[in-house]
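Q: Structure in structure tokens, see below.
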Amino acid sequence: MEDFSTLRISMIQSHIVWEDVEENICYYGELLRRLKGKTDLAVLPELFTTGMSMRTKDLSEPNDGKTIVAIKRYARDYGLAVTGSFMASDKGKYYNRAFFITPDEQEFFYDKRHLFGMAGEDEHFSSGTKRLIVDYRGWKICFLVCYDLRFPVWSRNVDNEYDVLIYVANWAESRKKVWKSLLQARAIENMCFVCGVNRVGVDAGEFKYHGGSQIISPKGKKLFDAGEKEAKTVTGIIRRSDLEKLRTKFPVWKDADKFQLIVE
């Protein structure tokens, strides 16, 4: 019987070739190949095939398009789950869509809820209305995207409904302190492991990205860090016993306020 007491998570912090879907699929495919036998879950940055482009009509794809077809192949061939986000088209609308693909090619999707209006994302993409929590290897994992990090109500972990919270991002270097602070806050308030994966490099709009990908413990301690500005893959192991011990010894989740979130 497989041991699900631990989970190996690989943060793939790297550059994104601007608006070149095929090149990015091949590039990240090679990075995934190198992880064969070394991890359970590989996390790619937000919009890993295009960068933070707004050319939705030209670059978006359906769920059965080239990006997800390739990710399914990589997940199957290399024996690992893969998550990230891509530019999706669905019934005449466009979404910044997170995906989670398992080694047996099961697929799950989440559409970014909070669109970054200051960059015009809300003018080109539609907002999602439902969260995604997936049970993988005995771990319940919630997947969110970039700007979602600023809105704690959306990530609220009611009655420990998830164990791991993952954010994929294109988070600008000018706000790197906020990125680190909020990752830590989300881990503490939700009593869960948090993994945030951000890209590096400079995009066509000359926005700089610092990386700063991290895995944070439920106590808010930085466990694994990919550093800044460098393209790097870092694999960390998280342990269920650490989570269960804290939730039993210090059960603040039992005293959380009850409320209903209305999504329009």
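Q: Give the residues of segment 6-20 that are open to solvent by 50 Å² or more (accessible area, probe 1.4 Å) and either assigned to a strand (DSSP E or B) or farther than 27 Å from residue 88 by Cβ (or both), sorted by residue number. Break it down into steps so the answer makes sense when it comes.
A: At the first step, the residues of segment 6-20 found to be open to solvent by 50 Å² or more (accessible area, probe 1.4 Å) are 8, 15, 17-18, 20.
Result: 8, single match.
Q: Continuing with this model, one more query. Count, please, the residues in segment 176-190 that happen to be open to solvent by 10 Å² or more (accessible area, probe 1.4 Å) and farther than 20 Å from residue 48 by Cβ.
A: From segment 176-190, those open to solvent by 10 Å² or more (accessible area, probe 1.4 Å) are 176-178, 180-182, 184-186, 188-189; that's our starting set.
This time we only want the ones that are farther than 20 Å from residue 48 by Cβ, so: 177-178, 180-182, 184-186, 188-189.
Number of matching residues: 10.
Q: Could you grab me the full set of residues in segment 120-166 that are under 20 Å from residue 94 (Cα atoms), under 16 Å from the mean Cα position of the chain (by Cα) and aromatic (Phe, Trp, Tyr)?
A: Residues of segment 120-166 under 20 Å from residue 94 (Cα atoms): 120-132, 143-148.
When the remaining residues are screened for being under 16 Å from the mean Cα position of the chain (by Cα), the result is 128, 130-132, 143-148.
143, 147 - these are the residues of segment 120-166 that are under 20 Å from residue 94 (Cα atoms), under 16 Å from the mean Cα position of the chain (by Cα) and aromatic (Phe, Trp, Tyr).
Q: Pull out all pairs, ordered by first then second residue, where Cβ-Cβ is under 9 Å, the residues are six or more apart or on different chains, the first lies in segment 180-200 and is within 22 Å of residue 159 (Cα to Cα), and the second is of a type in the set (S, T, N, Q) and in a helix (DSSP H, G or I).
A: 190/160; 191/160; 192/160; 194/184
Q: For segment 66-112, name all the residues that are basic (Lys, Arg), assigned to a loop (DSSP other than H, G, I, E, B) and open to solvent by less than 50 Å² (accessible area, probe 1.4 Å). Reasoning before the result, please.
A: Within segment 66-112, the first condition is being basic (Lys, Arg), and the residues that meet it are 66, 72-73, 76, 91, 93, 97, 112.
Those still in the list that are assigned to a loop (DSSP other than H, G, I, E, B) too: 91, 112.
112, the sole residue that qualifies.
Q: Here's a follow-up. Of all residues in segment 120-140, which are in contact (Cβ under 8 Å) with a residue 60 or more places away in the chain, open to solvent by 50 Å² or more (accessible area, probe 1.4 Å) and within 23 Å of residue 53 (Cβ to Cβ)?
A: 123, 124
Q: Here are some conditions: (1) crowded, with 16+ Cβ neighbours inside 10 Å; (2) more than 26 Å from residue 156 (Cα to Cα); (3) free of Cβ contacts under 8 Å to residues at least 40 places away in the same chain. Residue 56 meets all but one. Which one does it not meet?
A: (3)
Q: Please go through (1) open to solvent by 50 Å² or more (accessible area, probe 1.4 Å); (2) polar (S, T, N, Q); (3) touching a strand residue (DSSP E or B) at 6+ places or on another chain (Cβ under 7 Å) for residue 214 and return the number of the only condition it doesn't satisfy.
A: (1)
Q: Still on this structure, I have one more. Considering each residue of segment 233-257, count those that are out of contact with any Ser or Thr (no Cβ under 9 Å at 6 or more places or on another chain), outside any helix (DSSP H, G or I) and either open to solvent by 60 Å² or more (accessible area, probe 1.4 Å) or touching a residue at least 40 places away in the same chain (Cβ under 8 Å) (or both), and give that number. Outline the logic, then answer.
A: Going through segment 233-257, the residues out of contact with any Ser or Thr (no Cβ under 9 Å at 6 or more places or on another chain) turn out to be 244-245, 247-257.
Still in the running and outside any helix (DSSP H, G or I): 250-251, 256-257.
Of the ones still in play, those that are also either open to solvent by 60 Å² or more (accessible area, probe 1.4 Å) or touching a residue at least 40 places away in the same chain (Cβ under 8 Å) (or both) are 250, 256-257.
Of the residues in that region, 3 qualify.
The values are calculated or read from the model by the stated rules, or taken from the named source; none is laboratory data. Worth saying up front: this structure is predicted, and the values here are computed from it rather than measured. When we count neighbours, we look across all protein chains shown, and the Cβ atoms used for this are built from the backbone with ideal geometry, even at glycine. The accessibility values were calculated without ligands, DNA or RNA, using every heavy atom of the protein model including side chains. Shrake-Rupley method; radii C 1.70, N 1.55, O 1.52, S 1.80 Å.
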